[in-house]
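What follows is a short report on a single structure.
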Amino acid sequence: MEGHPGLARSRDSVAQCPQGEAQEAPSTLKALIFDVDGTLADTEEAHRCAFNEAFQQLGLPWNWSKPKYAHLLLAAGGKERLAAYIRSLDLPAAGVPTLMGRIEAIHRAKTLNYTRMVLAGEVALRDGVERLIDDAARSHVRLCIATTTTFANVEALLRTGLGPKALDRFAVVGAGGNAARKKPAADIYEYVLRQLDASPQECVAIEDSANGLRAAKAAGLYTIVTPSFWTRTEDFSDADLVLPSLGSALRPLMPGAAALVGNTMLGIREICRRLDALRECG
Ligand code: XBP
Ligand code: MG
């Protein structure tokens, strides 16, 4: 089920800036930086199943239920999630290092399961993602990715959702291996900004989780949040704009959310207006 209609809010300052003024000068917006899991697609259920399948494949007596996984999601990164889980187990002291030593192998098996599921078409892009990506391309706004997940997962999702040449459409792809610290640290966003040679004031981040929001804000980015099934109860009070989804012709934004962005879908024009209004109105 896409988006929770009640989840719509905008940071007042921009909403009060008189419309149209910011439109005269060329927009500041240089790039949109997309998170992956929960933002481009609601992927965590597939990740959860891929983990459970890997546990079976490797003879581990573990199974992550949805409530368990929702809790484990507080740890960003699949390997970090495994480590957090192992630490939570009531194991004899010697048992912990042995299992910690198996994390790489478990995560490799999980990634193979996950990419197989994605390439089989089991994970669809969220509403409005492809439309906004096309809108950005038409407006010469560059596209980037800042994610915690493994690069192979990004490639599989983009290839399946946007076509075999999808990766070429992204100026910078910052994934799990490109940042020393994972979200909520700002590292992956700072990596993308460096590669892009852009300032945070010229870019907008699109996220789904509190961890991701904190990372984007720590990097100084105007941040739009579209909560996912797994994150809809998290705290997004620091977000600049919260929408249940990006909206699409098939599933337009409900009146409350639509009123915030002046349309039943969030488009590049509105994102530019907001970023430029911030520049104009400070
Ligand atoms: C969210 C994550 C990821 C995935 C699992 O990533 O925390 O770790 O849950 O992927 P995003 P890996 O920043 O895109 O929201 O197992 O490859 O880490
Ligand atoms: Mg995410």
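Out of all the residues in region 35-63, which are near ligand 1 (Cβ under 8 Å from one of its atoms), among the charged types (D, E, K, R) and within 18 Å of L119 (Cβ to Cβ)? Those that are near ligand 1 (Cβ under 8 Å from one of its atoms), among the charged types (D, E, K, R) and within 18 Å of L119 (Cβ to Cβ): D37, E44. With respect to the conditions (1) crowded, with 22+ Cβ neighbours inside 10 Å; (2) away from ligand 2 (no atom under 16 Å from the Cβ); (3) on the phi < 0 side of the Ramachandran plot, G247 lacks only one, and its number is (3).
If you scan region 47-57, which residues turn out to be surrounded by fewer than 21 Cβ atoms within 10 Å (Cβ to Cβ) and in contact (Cβ under 8 Å) with a residue 24 or more places away in the chain? Talk me through it step by step, then tell me what you get.
Initial filter on region 47-57 (surrounded by fewer than 21 Cβ atoms within 10 Å (Cβ to Cβ)): 49, 52-53, 55-57.
Selection gives C49, E53, F55, Q57.
Filter region 74-119 for residues that are open to solvent by 40 Å² or more (accessible area, probe 1.4 Å) and of a type in the set (K, R) and give the result. Correct list: K79, R87, R102, R108, R116. Right, A156: more than 12 Å from ligand 1 (Cβ to nearest atom), buried (at least 18 other Cβ atoms within 10 Å of the Cβ) and among the aliphatic types (A, V, I, L, M) or not? The answer is no for A156.
Every condition in (1) of a type outside the set (K, R); (2) open to solvent by less than 60 Å² (accessible area, probe 1.4 Å); (3) assigned to a helix (DSSP H, G or I) holds for E280 except the one numbered (2). Residues that are basic (K, R), under 28 Å from A205 (Cα atoms) and away from ligand 2 (no atom under 16 Å from the Cβ) within region 23-78 comprise K30, K66, listed in sequence order. Looking for something more than 29 Å from T28 (Cβ to Cβ) and touching a residue at least 40 places away in the same chain (Cβ under 8 Å) - is there at least one such residue anywhere in region 125-146? Scanning region 125-146, I find no residue that is more than 29 Å from T28 (Cβ to Cβ) and touching a residue at least 40 places away in the same chain (Cβ under 8 Å), so the answer is no. Considering L91, L99, L132, L32, the condition of being away from ligand 1 (no atom under 12 Å from the Cβ) and assigned to a strand (DSSP E or B) is satisfied by L32 alone.
Evaluating T223 against the criteria (1) within 15 Å of ligand 2 (Cβ to nearest atom); (2) touching a residue at least 24 places away in the same chain (Cβ under 8 Å) leaves one unmet condition, (2). Pairing each residue of region 186-200 that is over 17 Å from T148 (Cβ atoms) and free of Cβ contacts under 8 Å to residues at least 40 places away in the same chain with any residue that is in a loop (DSSP other than H, G, I, E, B) and open to solvent by less than 30 Å² (accessible area, probe 1.4 Å), provided the two are 6+ apart or on different chains, yields C-beta distances under 9 Å for P200/A219; P200/L221. Filtering T43, T28 for residues that are open to solvent by less than 60 Å² (accessible area, probe 1.4 Å) and closer than 24 Å to N211 by Cβ leaves a single hit, T43. When you look at R214, is it surrounded by fewer than 17 Cβ atoms within 10 Å (Cβ to Cβ) and out of contact with any strand residue (DSSP E or B) (no Cβ under 8 Å at 6 or more places or on another chain), yes or no? Criteria not met by R214. So which of L241, L221, L193 is touching a strand residue (DSSP E or B) at 6+ places or on another chain (Cβ under 8 Å), more than 11 Å from ligand 1 (Cβ to nearest atom) and open to solvent by 10 Å² or more (accessible area, probe 1.4 Å)? Matching residue, one of L241, L221, L193: L193. State whether one or more residues within region 242-260 are within 11 Å of S10 (Cα to Cα), part of a loop (DSSP other than H, G, I, E, B) and either at pLDDT 95 or above or of a type outside the set (A, V, I, L, M) (or both). Yes.
The values are calculated or read from the model by the stated rules, or taken from the named source; none is laboratory data. Note that the coordinates shown come from a computational prediction; the quantities given were computed from them, not determined experimentally. Please note: Cβ atoms are built from the backbone with ideal geometry, for glycine as well, and neighbour counts cover all protein chains shown. Note: accessible area is taken over every heavy atom of the protein model, side chains too, but ligands, DNA and RNA are not part of it. Shrake-Rupley method; radii C 1.70, N 1.55, O 1.52, S 1.80 Å.
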